[in-house]
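The values are calculated or read from the model by the stated rules, or taken from the named source; none is laboratory data. The model shown is predicted, which means the values in this text are computed figures rather than measured ones. Counting neighbours? That spans all protein chains shown, and the Cβs are built from the backbone with ideal geometry, glycine included.
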Amino acid sequence: MKILLALVLAVAGLLVPSSAAAQSKHTVTYDKYSLTVDGERVLLQAAEFHYFRLPSPDLWRDILEKEKAAGFNGISVYFSWAFHSPAPGQYDFTGVRDVDRLLRIAEEVGLYVIARPGPYINAETTGGGFPAWLKTVPGRARSSAPGYTAAYHDWLAHINPIIAKHQVTRGGSVLLYNVENEYAVNTDAVYMQDLQDTARADGIDVPITTNNCCDAGSWSSTWGSGLGAVQIPGVDDYPQSFDCGNAATVWGPWGAGVTEKVREDAPVFAAEYQAGAIDLNNAGYAACRELTGVQYTKYFQKGNMILSGATAFNYYMGFGGTNWGWLAQPNDVYTSYDYGAAISEDRQLTDKYFEYKRQGYFLQSVPQLTKTDAVAAPAAPGLETAARSNPDTGTSFVLVRNTGTTPVTSTIDLGGYALPLRLDGHDAKILVTGLDDLAASSSELLTRATIAGRDIKVLYGTAGTPGTTVLNYLSKPVVRVLDGQVSATYSGGKLRLDYTHEGLARVQVTGGGQRPQLLLLGTDDTAAAFWRYDTASGPVLVRGTDLLRSAALIHGTAALRADSNAAGPVEVFSPARAITVNGKPVAARTSPSGSLIGSVPGPRAVTLPALSGWKQQAEAPEARPAFDDSRWTVADKTTSLSPFPPLTQPVLFSDEYGFHTGSVWYRGHFTATGAETTADLNAITGKRGNYLVWLNGRYLGAAAGGVEDETGSPGAGSFTVPAGLLKAGQPAVLSVLVQNMGHNDDWTADDNRFRQPRGLIGARVGDAAIAWKIQGTAWLDPARGGLNNGGLYGERAGWSLPGFADRSWPAASKSVPAGVTWLRDDFRVDLPAGQDTSVALRFDGAIPAGYRAILYLNGWNVGQYGAAIGPQTDFVLPAGVLHQNGTNTLAVAVIAEQPSTVATPHLVVAGSQRGGVPVRDVPAPDRRNHALG
Ligand code: IPT
C-alpha cells in the first residue's frame, strides 16, 4: 500500500524527495583533512542563500532544488536579526520569516546548512543585520559591553533553538555553526567566546566556525590569547574585488584566491569564496556576472581546490535575491542583490550555473579528494601545474592552468603517458589519475555512476581540443564506438582512447575482465546537459531538459521532476523501462547506448496584461500648515548615543523616536519674526536618500541626504524663505519629508558607522525656537514585517495595499507636482499551470533624476526606482507575492523634487519553464482586514 501510494505520488510528480538521512541522528567530527559525518568524510560544497531576500517561502524550495541540481550539497545562510526583530523584545518567525520551514526544506531537498546567525552578518543588508533599535541600546556593538550583550542574548535565545533542532546531530541538516562575521578589527575575545558558550548552552553541538577576512589567522588557537578561538576557522576570499565596471580587464586584484590553512587540526574552509559581486559603481549586475564569469570560476576555484586542499567551500552568493522593503544597506547596494550570481535574481540559470555544476558534479564523484596531501606535480610546458594525492588510494588530482591570455598547446605526463593538451587563455582543468579503473585522462571528469550493472563516466573538454583517456583493463576489451570519432588501442593492461572533444562521443566497452562500461565524451556544453540525481535505489543520469529537480525509481519507472525552457529531448540512464516527467508518461525508445530517449514539451506562451488602468492621487497633507499633528510624537530629546552630535537642539534623529524605516515626516512649529531669510537644514539619510522642505505649505525645494562619510557635509540644504511668507508674530510651520534609506553596517566594529543617525540632524530658521513633531511608520505589517513600510501619508493610510478604495481617484495624468503622488493599477494575471513564469516590472527610457518611486506589489515594497537610487530598471515580482492566477495591485509612490511627468512600468516575462514548484500566494493583509495605526 505504501509503495503504491509512493508510486502514485511520484508519478504525479508530487513526491518530495527527502534526504535518506532525515530524522536519524548523526555524529559530526573533523580532522585536518575534512569534516566527517558518521565517520565518512564529507566534501562540503555550499552556496550562500539569504531567505530574507526572497519573500516567497515556496520559492525557497525552487532555489534549493536548483542548487542541489548543480551539485551543491549545502547552503550557507545568514540569519538577519533586523529582519526578525522590529523592536526590542519583539521577534517574528512566521510567514516569510519562518526559518524553521527553511531548514525543513533544506532537509527535504537534501542539503547541509552552514548556519550564520551573526549576531553581526554584514551582507550589505540594513545595519549589517543589526536592528536599527540597537542604535539606542548602550554599549559598543560587537563587544562584551552589557547592553549589547543583553540584546544579542535575546536574539540568540530566539534563533539558536531553531538552529539547534535542525542540526545533523539531531537528524537535521545544520552541519556547521558560524559565529560573528569577519571579526578582525576592534575585536573582543570575551565576546567571541561568549557567542560560542551561548551556542553550546543552547544545544549547538556541531563544529563552530567563523569567517575571517583580513587576518586569516584570527580566532585560531594560536592567535591572541586563544580565548574566542573557533574549531574550524574559515577564510573569505574575493580575488576579483568588486569593480564590475572594469570586468573585461580585472584579473585577481585581491590576490590568488587560495584559502589559507588556519589550524593544523582543522580542514581548510573557504567560508566565503567570491561567486559574484556587489555593484559598487552602478555598472549593473550583468557586468558583475561578467567579472565573476565562467573563466574566473574555472581558474580561481579549481586553483583554490588544489592549491589549498580545502574540503569545505561556500560560494557567495549562489542566489543573491532582492533587497525588498528597506533591506538594503544603502552605501553599497540598491534594490537588486542579484550579485551576478549563478542563479539570477529572477531565478534563471546562467552560464556560470553550468560551470558550478561541472565542478560540483566532479567533487561529488571523487570522495578521494576529501583526504589529500600536496605532492609534486607533473610538468606541462607552458602551463602551471600543481597536484594533490590521496595517501590511501593513490588517486591524484592535477591542476593545470594557463596563466596567460592566449591558448597554449602542450603535453602532460599522466600515468606514464604523455597526453596532448590544449588550454585557452586563463583556462584551468583538474585532471585525475588513479581513480579506480581510470588510469589517466586529459579530459575532465563530470561524473561517474554504476547504473544497471554498467559503469558510466562522463568526461569533457573544451570543444575542438584533443582528449585522451586511459583505462585499466585486465585483458583486451571489446570497444564499440556508438557515436563520434574515437580511436582505441590496447596494450599492457591499458585501454587508450584518443579523440577530439566534439559534440558527444559514446563508447561502449565490454569484456576485458570487468563490468561493462559506457564512456560519454563531451564538451563543456554537452557535459553540462547531463543531470544526476541519487535516488534511494541508485543514481539516475539524465541528458536534456533544462533542470532535473529530482528523480525516483519506482517499479520500473523513472519519475522525473524537471523543467524545460523549450521542447527538447530527454535521455535517461537508469534501470527503469519507462519515464514520467512531472507526472506525465513520456513515450520513449531504447537507444543504442542503453538509455531511454523521449521528448519533453516546452512552456506554454504567456500573455501578460498591459498596465493601462492607472489612477492617481497626490498627498502630503503634512505640508499644509493646518494639518493636525497632535497625535504625532514630540521630538524633544537632548541627548543620544550616536557618536554624531546633533547640529542643533533638540535631537531629531528618527531612531530616537522609534522610527527606523523609510520616510519620516517632521513638522517644526515656531513663531516667525518676518525677518527670516533662509531655512537651513541638515539630514543624514544614508547614500541615495533625500529630503523635501515646505514652509507654511509652500514648497521650498529638496536636497540630497548625507551619507556614511562622517567627515563630509551632512546633507546640507539652505532654502530661501520667499519674501512675505513669514509674518512677524505669526505661527509658522516647517514641514520636512526625509527619505531615509537603510542603515549603515558595522564592519569596523567601532559603532561609528553603525550608530550614524537617520533623519534631520540640524534645523534652523533664523533664531526661532522650534517645537518639533515627528511621524514615521505607523503600523507593523504582520506579514510583510517591520522593514516594508515607511511613514509616507499613503503608507500610513494604506494606499500601498490591495483592497484600498481608490474608486474616487481620477485616471492618471502622470504629471505630478513636487511632493508625493501615488499611482495605482489593478491587473489580472493568469499564468499557465504546471509552469514557472518569472515576471518583472520594467521601466523604459532614461532613469528619472527629478523623482524617485517606491513600488508596491500587493502591498509588498518590491523596490525603488530613480537615478539617485541606482541603475536598476527591472524589478522582479516573485511568484507568490505576484498572484499568478488572480488580481494584483500595483501602487507607486512618487516622491518628486520638482514637477515631473512620471513613467509607468510594464510587465515582462523574465523567464519561463514548464515545470517549477507549486507556489501559493503569500498571505498578507489588505486594507479590509487590519486596523491602521
Ligand atoms: C564579505 C562579507 O562577509 C559578506 O557579508 C559580504 O558583505 C561580502 O563581503 C561582500 O558582498 S566582506 C569581504 C569582501 C572583505
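The set of residues in segment 167-185 that are part of a loop (DSSP other than H, G, I, E, B), polar (S, T, N, Q) and within 15 Å of the ligand (Cβ to nearest atom) contains only Asn181. Close contacts from segment 182-199, counting a first residue that is among the charged types (D, E, K, R) and a second that is modelled with pLDDT under 95, with Cβ to Cβ under 6 Å and a gap of 6+ residues or different chains, come to Glu182/Cys213.
Scanning segment 489-518 for residues that are among the small types (Gly, Ala, Ser) and buried (at least 17 other Cβ atoms within 10 Å of the Cβ), we see that the one that is nearest to Gly434 (Cα to Cα) is Gly512. Against the test of being of a type outside the set (A, V, I, L, M) and more than 23 Å from Lys615 (Cα to Cα), the options Gly863, Gly834 yield a single qualifying residue, Gly834. Within segment 69-80, residues that are of a type in the set (Phe, Trp, Tyr) sit with their Cβ atoms under 6 Å from residues that are within 16 Å of the ligand (Cβ to nearest atom) and modelled with pLDDT of 95 or more, at 6+ positions apart or across chains, in these pairs: Phe72/Ala47; Tyr78/His50; Tyr78/Arg116; Tyr78/Ile121; Tyr78/Ala123; Phe79/Pro117. The residues on offer are Asn331, Asn282, Asn314, and the sole one that is within 14 Å of the ligand (Cβ to nearest atom) and out of contact with any strand residue (DSSP E or B) (no Cβ under 9 Å at 6 or more places or on another chain) is Asn331. When you look at Ala157, is it away from the ligand (no atom under 16 Å from the Cβ), farther than 25 Å from Trp324 by Cα and among the hydrophobic types (A, V, I, L, M, F, W, C), yes or no? Considered against the rule, which asks whether it is away from the ligand (no atom under 16 Å from the Cβ), farther than 25 Å from Trp324 by Cα and among the hydrophobic types (A, V, I, L, M, F, W, C), Ala157 comes out as yes. Filter segment 253-268 for residues that are within 14 Å of the ligand (Cβ to nearest atom) and either surrounded by fewer than 22 Cβ atoms within 10 Å (Cβ to Cβ) or within 24 Å of Thr125 (Cα to Cα) (or both) and give the result. Those that are within 14 Å of the ligand (Cβ to nearest atom) and either surrounded by fewer than 22 Cβ atoms within 10 Å (Cβ to Cβ) or within 24 Å of Thr125 (Cα to Cα) (or both): Pro253, Trp254, Gly255, Gly257.
Determine whether Asp636 is among the charged types (D, E, K, R), under 14 Å from Gly668 (Cα atoms) and free of Cβ contacts under 8 Å to residues at least 40 places away in the same chain. Against the criterion (among the charged types (D, E, K, R), under 14 Å from Gly668 (Cα atoms) and free of Cβ contacts under 8 Å to residues at least 40 places away in the same chain), Asp636 does not qualify. Taking strands (runs of 3 or more DSSP E) as the structural unit, those lying wholly within segment 365-441 and holding at least 2 residues that are closer than 25 Å to Ile456 by Cβ correspond to 396-401, 417-423, 428-435, 438-441. For segment 217-246, a residue qualifies if it is on the phi < 0 side of the Ramachandran plot, small (Gly, Ala, Ser) and away from the ligand (no atom under 16 Å from the Cβ), and the qualifying residues are Ser220, Ser221, Ser225, Ala229, Gly245. Flag not set for Arg142, criterion: surrounded by 24 or more Cβ atoms within 10 Å (Cβ to Cβ), among the charged types (D, E, K, R) and closer than 25 Å to Val28 by Cβ.
Among the criteria (1) more than 16 Å from the ligand (Cβ to nearest atom); (2) on the phi > 0 side of the Ramachandran plot; (3) hydroxyl-bearing (Ser, Thr, Tyr), the one Thr249 does not fulfil is (2).
Determine whether Gln301 is buried (at least 21 other Cβ atoms within 10 Å of the Cβ) and more than 14 Å from the ligand (Cβ to nearest atom). It is true that Gln301 is buried (at least 21 other Cβ atoms within 10 Å of the Cβ) and more than 14 Å from the ligand (Cβ to nearest atom).
Residues in segment 455-488 that are part of a strand (DSSP E or B) and closer than 15 Å to Ala439 by Cβ: Asp455, Lys457, Leu459, Gly467, Thr468, Thr469, Val470, Leu471, Asn472, Pro477, Ala488.
Per the conditions (1) more than 16 Å from the ligand (Cβ to nearest atom); (2) in contact with a helix residue (DSSP H, G or I) (Cβ under 8 Å, 6 or more places away or on another chain); (3) not in a loop (DSSP other than H, G, I, E, B), the sole criterion not satisfied by Arg200 is (2). With respect to the stated conditions, Gly360 fails to be closer than 21 Å to Gln872 by Cβ and either touching a residue at least 60 places away in the same chain (Cβ under 8 Å) or within 16 Å of the ligand (Cβ to nearest atom) (or both).
Selection over segment 287-310 of residues that are out of contact with any strand residue (DSSP E or B) (no Cβ under 7 Å at 6 or more places or on another chain) and in a loop (DSSP other than H, G, I, E, B) gives a count of 1. When segment 739-749 is filtered for residues that are out of contact with any Phe, Trp or Tyr (no Cβ under 6 Å at 6 or more places or on another chain) and within 16 Å of the ligand (Cβ to nearest atom), the ones remaining, listed by number, are His743, Asp745, Trp747, Thr748, Ala749.
Based on what the data block shows, is Arg104 among the charged types (D, E, K, R), away from the ligand (no atom under 16 Å from the Cβ) and outside any helix (DSSP H, G or I)? So Arg104 does not fit the description; no. A Cβ distance below 8 Å, combined with a sequence gap of six or more or placement on separate chains, defines the contacts here; from segment 323-341, residues that are in a strand (DSSP E or B) reach residues that are within 12 Å of the ligand (Cβ to nearest atom) and among the charged types (D, E, K, R) in the pairs Ala328/Glu124; Ser336/Asp279. Against the conditions (1) among the hydrophobic types (A, V, I, L, M, F, W, C); (2) within 14 Å of the ligand (Cβ to nearest atom); (3) assigned to a helix (DSSP H, G or I), Ile121 satisfies every one except (3). Counting just the residues of segment 124-149 that are part of a helix (DSSP H, G or I) and over 18 Å from Asn323 (Cα atoms), which one comes out farthest from the ligand (Cβ to nearest atom)? Top of the filtered list is Pro146.
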